[in-house]
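Have a look at the structure below before the remarks.
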Amino acid sequence: LSYQQINHSCWYQRRVRGSQFKRLEHQHTHKSATHSFNMTLLVVLTTLIALCSAHVYFKEDFSDANWESRWVVSDWKKDSGESGAWALSAGKYYTDESKERGLKTTQDARFYDISAKHEEFSNKGKDLFIQFSVKHEQTIDCGGGYIKLVPADALDDQKNFKGGEKETKYNIMFGPDICGYSTKKVHFILHNKGTNHLIKSDIPCETDEFTHIYTGALYPDNTFKVFVDGEEKKSGTIPDNWDILPPKKINDPSQSKPADW
């Protein structure tokens, strides 16, 4: 996989009230590479513990009064009145309010879209980790909270960041999605050559009212892992779990069954 000059963007599309997004970490550890990303970040949330050998390219803990200067709320859905308002909150349950704050959606049945910039970097020869925490403080009926990594040439103005049918192009999308009884999974989508490829397996997400940590990892040998609360939920190779590469065998349209068969 090769993603050239990428901006990281955090994008949240929520249709619930009282959901809270808290922690995000981008970190790299060094290994030999077979795929690479050149990235400039547009992101989200509070940092967790980084590996001692890793470099953290973006973290947010919302502990200072200037957090709003780092974040840009999109104008997406404002004209139709469907966009929701963000707030900062530690939620109902916490041990230290100042250290456990996160972005919170405040209205039911609304769309939410926010981003922050990041320094440029490349993950060539390194492991890439995307990590953040999510808390649903009410019974959720239908909603998804995602981080999107967006190419630099796809977004000139962060206020134009969009989801839906005319969504802004992205290279990676990661995060939990809940809708009714049938959809309760972690999305992991990779973009390649104009197409978004959804992981072929359903990775279960958490549905209770407590904080849960989601981690997506991509490795230089074209393997990946997904963790929820530090527990591995899925791992394998990218070619085996995404339909990114063309099939090894295809039907030959010029061939037909012999007449005497």
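The values are calculated or read from the model by the stated rules, or taken from the named source; none is laboratory data. Owing to the predicted nature of the structure, the values given are computational and were not obtained by experimental measurement. Note that each Cβ is placed from the backbone with ideal geometry, even for glycine, and that neighbours are counted across all protein chains shown. These area figures cover heavy atoms from the full protein model, side chains too; ligands, DNA and RNA do not enter into them. Shrake-Rupley method; radii C 1.70, N 1.55, O 1.52, S 1.80 Å.
Screening residue 197 with (1) in a strand (DSSP E or B); (2) out of contact with any Cys (no Cβ under 7 Å at 6 or more places or on another chain); (3) buried (at least 22 other Cβ atoms within 10 Å of the Cβ) gives one miss only, at (3).
For segment 213-229, the set of residues classified as open to solvent by 20 Å² or more (accessible area, probe 1.4 Å) and touching a strand residue (DSSP E or B) at 6+ places or on another chain (Cβ under 7 Å) consists of 213, 219, 222, 223, 225, 227, 229, listed by residue number. Just so you know, in segment 156-169 the residues that are touching a strand residue (DSSP E or B) at 6+ places or on another chain (Cβ under 9 Å) and either at pLDDT below 85 or outside any loop (DSSP other than H, G, I, E, B) (or both) include one that is farthest from residue 215 (Cα to Cα), and it is 159.
Count of segment 84-143 residues, restricted to those that are open to solvent by less than 40 Å² (accessible area, probe 1.4 Å) and assigned to a loop (DSSP other than H, G, I, E, B), is 10. Checking each residue in segment 200-218 for being under 16 Å from residue 134 (Cα atoms), assigned to a strand (DSSP E or B) and in contact (Cβ under 8 Å) with a residue 40 or more places away in the chain picks out 211, 212, 213, 214, 215, 216.
Scanning segment 65-118 for residues that are aliphatic (A, V, I, L, M), touching a helix residue (DSSP H, G or I) at 6+ places or on another chain (Cβ under 8 Å) and closer than 18 Å to residue 163 by Cβ gives 72, 73, 116.
Scanning segment 59-85 for residues that are of a type in the set (A, V, I, L, M) and more than 23 Å from residue 110 (Cα to Cα) gives a single hit, 65.
Scanning segment 182-194 for residues being open to solvent by 30 Å² or more (accessible area, probe 1.4 Å) and either of a type outside the set (Gly, Ala, Ser) or in contact with a Phe, Trp or Tyr (Cβ under 9 Å, 6 or more places away or on another chain) (or both) gives a total of 5.
Candidates in segment 142-155 are the residues that are touching a Lys or Arg at 6+ places or on another chain (Cβ under 8 Å) and within 22 Å of residue 201 (Cα to Cα); of these, the one that is modelled with the highest pLDDT is 145. Within segment 33-53, the presence of a residue that is touching a Leu at 6+ places or on another chain (Cβ under 9 Å), at pLDDT 50 or above and in a strand (DSSP E or B) is excluded. Looking across segment 170-181 at every residue that is touching a strand residue (DSSP E or B) at 6+ places or on another chain (Cβ under 7 Å) and surrounded by fewer than 18 Cβ atoms within 10 Å (Cβ to Cβ), the one that is nearest to residue 105 (Cα to Cα) is identified as 177. Has segment 244-254 got any residue that is open to solvent by 50 Å² or more (accessible area, probe 1.4 Å), assigned to a strand (DSSP E or B) and without any contact (Cβ under 8 Å) to a residue 60 or more places away in the chain? So far as segment 244-254 goes, no, none of its residues is open to solvent by 50 Å² or more (accessible area, probe 1.4 Å), assigned to a strand (DSSP E or B) and without any contact (Cβ under 8 Å) to a residue 60 or more places away in the chain.
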